[in-house]
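Chemist: Here it is: the structure, laid out below.
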Amino acid sequence: MSLPWIKPNRAAVWKIACATHEPHQDQSVTEWAEAHIELPLGMTSAPGPFRTTMFPYMVEPLDQFHPNSGTRKMTLIWAAQSNKTTAIMLGIGYRLDRAPAPTLWVMDNSRNAQSFSESRWQRLIDANPVLY
């Protein structure tokens, strides 16, 4: 019995799949963030499209979130209020979009975790459809 909605021609199926699903470009994490991320008002001191020109020190740590970087652990020792959390959030955002992996964000207590989630993390997700 032949089912009319199943195409026996694999080439036709492949052509349709390729037309509707573009492969991800091989981008660095920084390139991805600059192409897709808008930092929302109230989440950062520099709202708007993410640009490394304002924070050149973020390039190297951000690019270590790429699955091909080989980085397994990272320690950021930066001054207070210098976008460490934003860098980590963007790195995790990249992984959510391009190379999902188990991730755990640990905070000191549930009240701070909820506050962070509502005031920073959820704002970033809501402002960037690529993270839905």
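The values are calculated or read from the model by the stated rules, or taken from the named source; none is laboratory data. Quick caveat, the model's predicted, so the values are computed rather than measured. FYI the Cβ positions are ideal-geometry reconstructions off the backbone, even for glycines, and counts take in every protein chain you see. All accessible areas refer to the heavy atoms of the entire protein, side chains included, with ligands and DNA or RNA removed. Shrake-Rupley method; radii C 1.70, N 1.55, O 1.52, S 1.80 Å.
Chemist: State which residue pairs qualify: first residue farther than 19 Å from S45 by Cβ and inside the range 114-125, second residue open to solvent by less than 60 Å² (accessible area, probe 1.4 Å) and among the basic types (K, R) in any location, beta carbons under 9 Å apart, and separation of 6 or more residues or different chains.
Modeler: The qualifying pairs do not exist here.
Chemist: Quick one: which of R98, R72, R51, R111 is in contact (Cβ under 8 Å) with a residue 40 or more places away in the chain and charged (D, E, K, R)?
Modeler: Testing whether each residue is in contact (Cβ under 8 Å) with a residue 40 or more places away in the chain and charged (D, E, K, R) leaves just R98.
Table: residues versus (1) under 11 Å from the mean Cα position of the chain (by Cα); (2) open to solvent by 60 Å² or more (accessible area, probe 1.4 Å).
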{"site": "I77", "(1), (2)": "no, yes"}
{"site": "S82", "(1), (2)": "no, no"}
{"site": "L90", "(1), (2)": "yes, no"}
{"site": "P100", "(1), (2)": "yes, yes"}
{"site": "A113", "(1), (2)": "no, no"}
{"site": "Q122", "(1), (2)": "no, yes"}
{"site": "A127", "(1), (2)": "no, no"}
{"site": "Y132", "(1), (2)": "yes, yes"}
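Chemist: Out of T53, T20, T71, report the one residue that is modelled with pLDDT of 90 or more, out of contact with any helix residue (DSSP H, G or I) (no Cβ under 8 Å at 6 or more places or on another chain) and open to solvent by 60 Å² or more (accessible area, probe 1.4 Å).
Modeler: The match here is T53.
Chemist: In the range 55-73, which residue that is under 17 Å from the mean Cα position of the chain (by Cα) and among the hydrophobic types (A, V, I, L, M, F, W, C) is nearest to T103 (Cα to Cα)?
Modeler: Ranking the qualifying residues of the range 55-73, first place goes to F65.
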